[in-house]
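**Student:** Submitted below is the structure of interest, expressed as structure tokens.
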Amino acid sequence: MKCAWFFSDNADYIAKVKANNKADLTTLGMIASKAAYSGGEEWLNECVSYIDANHDYVESYIKANIPMIKMVKPQGTYLTWLDISAVANKINAKQLAAEASKTQAASMKPLTPEQMVERHFVKAAKVHMNAGSSYGYGGANHMRMNIATSRKTLELALNNLATALRTT
């Protein structure tokens, strides 16, 4: 909770806050932490239920509308790991990565097929996810999708992905 922000045009208030603000500790961070530990259980339970329902929504949506993408519902996270192997094959991501790597500086790491899928999704679907290969061994042919958002935003992203893949 070191990342709390505050704003005030009251110089006296700012001076009081600064007096108690340490590099590894913030006043608002302390207040936020105390509030979370003393009264955040209901919010946390609602948040966990909402994210779990988002996982269920993504899982059923993908099975029904984007069979080219595979997923297994994770536990204990707001991130979904998507297998995009079929998408990579469909857009010829391996060849695209090799060609794109030729045009960049020699000191840069070669681009991966997942990065080509990432770029494709940004351009064609206006959805940005993280390439699995950026997370190390085992990430090849996968994308990481953050689903800690509103159902409306999640539905828009999935609809965009489905539409983009139908027209690819």
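**Student:** Which aspartates and glutamates have a Cα lying under 18 Å from the Cα of Lys126, excluding residues fewer than 8 positions away in the same chain?
**Tutor:** Candidates past the 8-residue exclusion: Glu114, Glu118, Glu155.
**Student:** Now a separate question. Rounded to the nearest percent, how much of the accessible area of the chain (1.4 Å probe, protein heavy atoms only) is carbon and sulfur?
**Tutor:** Ligands and nucleic acids excluded, carbon and sulfur give 57 percent.
**Student:** Ser38 to Phe7: extension gain in nm, 0.36 nm per residue of separation minus the Cα-Cα distance? Walk me through the numbers before you get to the answer.
**Tutor:** Numbers: separation 31, 0.36 × 31 = 11.16 nm, distance 2.49 nm.
Extending this stretch completely gives an extra 8.7 nm.
**Student:** In whole Å, what is the distance between the alpha-carbon centres of region 25-79 and region 130-165?
**Tutor:** 15 Å
**Student:** For a quick check of your reading of the filter: which chymotrypsin sites (Phe, Trp or Tyr not before Pro) in region 1-109 sit in a DSSP loop and have no more than 13 other Cβ atoms within 10 Å? Could the numbers behind the result be given before it?
**Tutor:** Working: sites: Trp5, Phe6, Phe7, Tyr13, Tyr37, Trp43, Tyr50, Tyr57, Tyr61, Tyr78, Trp81; in loops: Trp5, Phe6, Phe7, Tyr78.
Of the chymotrypsin sites (Phe, Trp or Tyr not before Pro), the ones in loops of region 1-109 whose Cβ has at most 13 other Cβ atoms within 10 Å are Trp5, Phe6, Phe7.
**Student:** Sequence gap at least 6, Cα distance under 8 Å: using those rules, report the relative contact order of the chain to the nearest whole percent. List each step's numbers first, then the result.
**Tutor:** Numbers: 185 pairs, mean separation 31.4, N = 168.
In percent, rounded to a whole number, it is 19.
**Student:** Hey, another quick one. Collect residues whose amide H, placed 1.01 Å from N in the peptide plane, falls under 5 Å from the amide H of Ile69; neighbours closer than 5 in sequence don't count.
**Tutor:** none
**Student:** Cross-link partners among aspartates and glutamates for Lys18, C-alpha distance below 17 Å, same-chain residues fewer than 8 apart left out?
**Tutor:** Those aspartates and glutamates meeting the cut-off are Asp9.
**Student:** Where in the chain are the DSSP H helices whose C-alpha atoms run 24 Å or more along the long axis and whose mean Kyte hydropathy is at least -1.0?
**Tutor:** Working: long enough: 41-65 (35 Å, -0.71).
Length and hydropathy pass: 41-65.
**Student:** Using +1 at the C-beta of Lys and Arg and -1 at the C-beta of Asp and Glu, which of Gly138, Ser38, Val17 has the Cα lying farthest in the positive direction of the dipole of the chain?
**Tutor:** Gly138
**Student:** Related question: In nm, to one decimal, how far is the modelled label at Tyr50 from the one at Thr77, with both set 7 Å along Cα→Cβ?
**Tutor:** 2.1 nm
**Student:** Excluding residues on the same chain fewer than 8 positions from Lys102, give the lysines whose Cα lies under 17 Å from its Cα.
**Tutor:** Answer for Lys102, where 17 Å is the Cα cut-off: Lys94, listed by chain and number.
**Student:** Further question: Given 0.36 nm per residue, what is the gain on full extension from Asn21 to Asn65 after removing their alpha carbon distance, in nm? Could the numbers behind the result be given before it?
**Tutor:** On the way: separation 44, 0.36 × 44 = 15.84 nm, distance 5.07 nm.
10.8 nm is the gain from fully extending Asn21 to Asn65.
**Student:** Another question about this same structure. What size of dipole, in debye to the nearest 20, comes out for region 1-116 about its Cα centre when the only charges are +1 on Lys and Arg C-beta atoms and -1 on Asp and Glu C-beta atoms?
**Tutor:** Values: 12 positive and 12 negative charges, 110 e Å.
About 540 debye.
The values are calculated or read from the model by the stated rules, or taken from the named source; none is laboratory data. Worth saying up front: this structure is predicted, and the values here are computed from it rather than measured. Reconstructed Cβ throughout: ideal geometry from the backbone, glycine too, with neighbour counts over all protein chains shown. Surface accessibility is based on the protein's heavy atoms, side chains included, excluding ligands, DNA and RNA. Shrake-Rupley method; radii C 1.70, N 1.55, O 1.52, S 1.80 Å.
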